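To keep things clear, I will list the structure first and then write my remarks on it.
The values are calculated or read from the model by the stated rules, or taken from the named source; none is laboratory data. Because the structure is predicted, anything quoted here is derived from the model rather than measured. Here the Cβ is made from the backbone with ideal geometry for all residues, glycine too, and neighbour counts use every protein chain on show. The accessibility values were calculated without ligands, DNA or RNA, using every heavy atom of the protein model including side chains. Shrake-Rupley method; radii C 1.70, N 1.55, O 1.52, S 1.80 Å.
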Amino acid sequence: MARTTPKGGARVVKRKTRATQNSVSALTNVVASEAKDLVASVPADTPSNETIPEPTEETLSSVLPLLSYGTWLAADSAVVGAAHLRTSPPKPCQDAALADTGKRALAILADGAGSAAVSHIGATAVVAGVRRLCRTLESDLATALDTESEPAGLAETIAHRIVAHAKGILDDLAEMHMRGSEDFRCTLLVWLYGRQRALWLKVGDGALVAEKNGECQCIGPVGKGEFANQTCFIGPRLDESQWAWGEIDATQLSGLAAMSDGAAERLVASDASRVSPAIGKLLRGAAAAQVGRREIFNLLAEADFWHGTSGDDKSLALIARALPPRNVAGYGQHF
Amino acid sequence: MNGFDLALLKNDLIENPTARCACALVLDASSSMDGAPINELNAGVAQFINELRGDDFASYAVEVGIFTFGNDVREAVPFTPAYQIRDCAPLRAIGGTPMGEAVELAIERLAQRKADYKKAGVSYYQPWLVLMSDGAPTDDWQAAAKRLRKLAEERKVTVLAVGIGEGAALEILGQFSTRPAKLLPGMKFREFFQWLSQSMERVSQSTPGTGVSLASTDSWECI
């Protein structure tokens, strides 16, 4: 049965057409039922006057894996640490993690200072506020990260704005709650993806990981002071020398992850020289829509995995995408 | 979401070495400690090590080094994780009180241990140096006191100076630290070392950004 393009169907067809042109064979890792859901979720505003056949399960299974090529998927979670449960009353989880693939794929994570009374509020507010800022700065981000030649100094300006904004959020909280902004202090880790470059920003400890060409590596400084329980935070005492930012080329970039130091205890080497293969598997799982918030939560909450660690809060935010296999014509041009 | 087996990740996780916390005990073994004081001190040290060994985390994290000053200055126990300390020979009280030389030795060994940590990629906490004496030094102690105090001011080391009994030169001991020396009355070694082991456990399990709140010293300190 033929019919006029159904709502949302055009995008599927276009992908299928390109796939056929590229002679890509079926790579099925999305089941047909999920495929139907995806079709249903494609926006209805895609203009097309093509007449296309009703998709069958067979065609969907061959087409839908290609839908995820280049499409970022996100997963995040934060779990209270066992050490926080030993105090009376127990401390809340002071980590906040957010991964988002809306207008721009990003991962933001903040770890509230253990000794700060209400740092969980600070961490949550900073994560939400930085995402809001990034949405507001979208046109600048597009210029800085999506264009082939970046205007000099723009990314640096954005990084400074993010840190200044995060500081301002804590100052506002301090005023609102009538206490010092030190009480809200937290670390901040940010990944912002762009078609040409990905921007990272790191205030304090935790780990940033990028997966490129199928390999994961830590990005940025370790972020600890000389001693194991020293780090720096977004707060009134933060100075320029205590935080770092940078950009990495986005070609063949397939995953970005941010994690608090509690999660990093088992997921990266303490000197940042190695990344656990688990991160790569989680990123591939996320890209295949097999790892979401629940899976991240289960990982972070599984006591067996974290035996012998400090019992700190653990959080992880990641974004991942599938890339076409290397033997596909045109490979590398768009990814 | 389906099809992702978390159990498969377990073997992928990284076993980072436990962050270490070095604790140097610089102990008076001069002749004035002979008899009950040295016996109680020995019992207190043994209890300290046993209590650390009883804590899953601290037994690996806390490394104890014991330095004595009496007839000579000795490194009785090089820095060793508590769980590995098997036999700690009882200290014998004999000779003078070369406190300055012992402190210099402990500082050198702490610096060396920190260098070892860095070389091995092991993170570490601010080390502690506990100085205990029942009298006054008999050597040139001023340079050692100045050096140790400077390290404490720079927050490179936590120094705790403890005078044993009423005869202790608390004013001199206080010059080794940024805080006044504390008086341990009535040979409350057990109470003191119990407090010390609890404090080391807390330090060794502190996380970045966490201020370490130590247990009250009421159980042993004479105010």
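Structure data summary
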{"read-out": "Accessible-area composition of segment B:63-124, carbon plus sulfur, in percent [1.4 Å probe]", "value": "46"}
{"read-out": "On Cα atoms only, tilt of B:36-53 relative to the major axis of chain B in degrees", "value": "10"}
{"read-out": "Accessible area per residue, Å², segment A:181-335 with all protein chains present, probe 1.4 Å", "value": "35"}
{"read-out": "Proximal lysine pairs, chain B, alpha carbons under 20 Å, eight or more residues apart or interchain", "value": "7"}
{"read-out": "Summed buried accessible area for A+B [probe radius 1.4 Å, Å², rounded to 100]", "value": "3200"}
{"read-out": "Accessible area of segment B:96-206 divided out per residue, in Å², using a probe of 1.4 angstrom", "value": "43"}
{"read-out": "GluC sites (Glu not before Pro) within segment A:135-204: DSSP coil, no more than 12 neighbouring Cβ in 10 Å", "value": "A:GLU148"}
{"read-out": "Span from the segment B:141-171 Cα centroid across to the segment B:8-40 one, whole angstrom", "value": "19"}
{"read-out": "Degrees separating the helix B:142-153 axis from the principal Cα axis of chain B, which is the longest one", "value": "30"}
{"read-out": "Heavy atoms of A:ASP261 accessible to a 1.4 Å probe, total area in Å² rounded to 10", "value": "20"}
{"read-out": "0 to 90° range, to nearest 10: angle between helix B:189-204 axis and chain B longest Cα axis", "value": "30"}
{"read-out": "At R0 = 56 Å, FRET efficiency that the Cβ-Cβ distance of B:LEU8 and B:ARG147 yields, to 0.05", "value": "0.60"}
{"read-out": "Local electrostatic count at B:GLU101 - Lys and Arg +1, Asp and Glu -1, tallied over other residues with Cβ under 10 Å", "value": "-4"}
{"read-out": "Within segment A:178-200, backbone nitrogen closer than 11 Å to the virtual label 7 Å beyond the Cα of A:THR147 toward Cβ", "value": "none"}
{"read-out": "A:THR157 versus A:ALA301: modelled label distance in nm, points set 7 Å from Cα along the beta carbon direction", "value": "4.5"}
{"read-out": "Full-stretch length increase - B:GLU15, B:ASP56 - with 0.36 nm per residue and alpha-carbon distance subtracted", "value": "13.2 nm"}
{"read-out": "3J(HN,Hα) from dihedral phi, segment A:268-282, Karplus parametrisation 6.51/-1.76/1.60, rounded to Hz, x for glycine, proline", "value": "9, 5, 5, 9, 6, 7, 9, 10, 4, x, 4, 5, x, 5, 5"}
{"read-out": "Apportionment of accessible area to carbon and sulfur, segment A:84-243, percent (1.4 Å)", "value": "50"}
{"read-out": "Largest-first ordering by accessible area, 1.4 Å probe, given options B:LYS150, B:LYS156", "value": "B:LYS150, B:LYS156"}
{"read-out": "Listing of segment B:4-22 residues, each with accessible area lower by at least 40 Å² in the full protein assembly than in the chain alone (probe 1.4 Å)", "value": "B:PHE4, B:LEU6, B:LEU9, B:LYS10, B:ASP12, B:LEU13, B:ILE14, B:ASN16"}
{"read-out": "Cut-off 15 Å between beta-carbons: net charge of the residues surrounding B:ASP12, Lys and Arg +1, Asp and Glu -1", "value": "-3"}
{"read-out": "Residue list for segment B:12-33, given a label point 7 angstrom along the Cα-to-Cβ vector of B:ARG74 and an amide N cut-off under 11 Å", "value": "B:29-30"}
{"read-out": "Shielding by other protein chains, B:114-123, mean Cβ within 10 Å", "value": "2"}
{"read-out": "Low-density loop cleavage sites - GluC sites (Glu not before Pro) in segment A:224-321, where at most 13 other Cβ are within 10 Å (DSSP)", "value": "A:GLU226"}
{"read-out": "Global geometry of segment A:251-317, whether rounded, prolate or oblate, following the gyration tensor of its Cα atoms and the 1.5 cut on a/c", "value": "oblate"}
{"read-out": "Rounded Å value of the spacing that divides the Cα centres of segment A:129-172 and segment A:217-237", "value": "21"}
{"read-out": "Cα-projected label distance for A:ARG237 with B:ILE94, points at 7 Å along beta-carbon direction, nm", "value": "4.9"}
{"read-out": "At least 10 Å² of accessible area lost relative to the chain alone, listed for segment A:102-145 with a 1.4 Å probe", "value": "A:GLY114, A:SER115"}
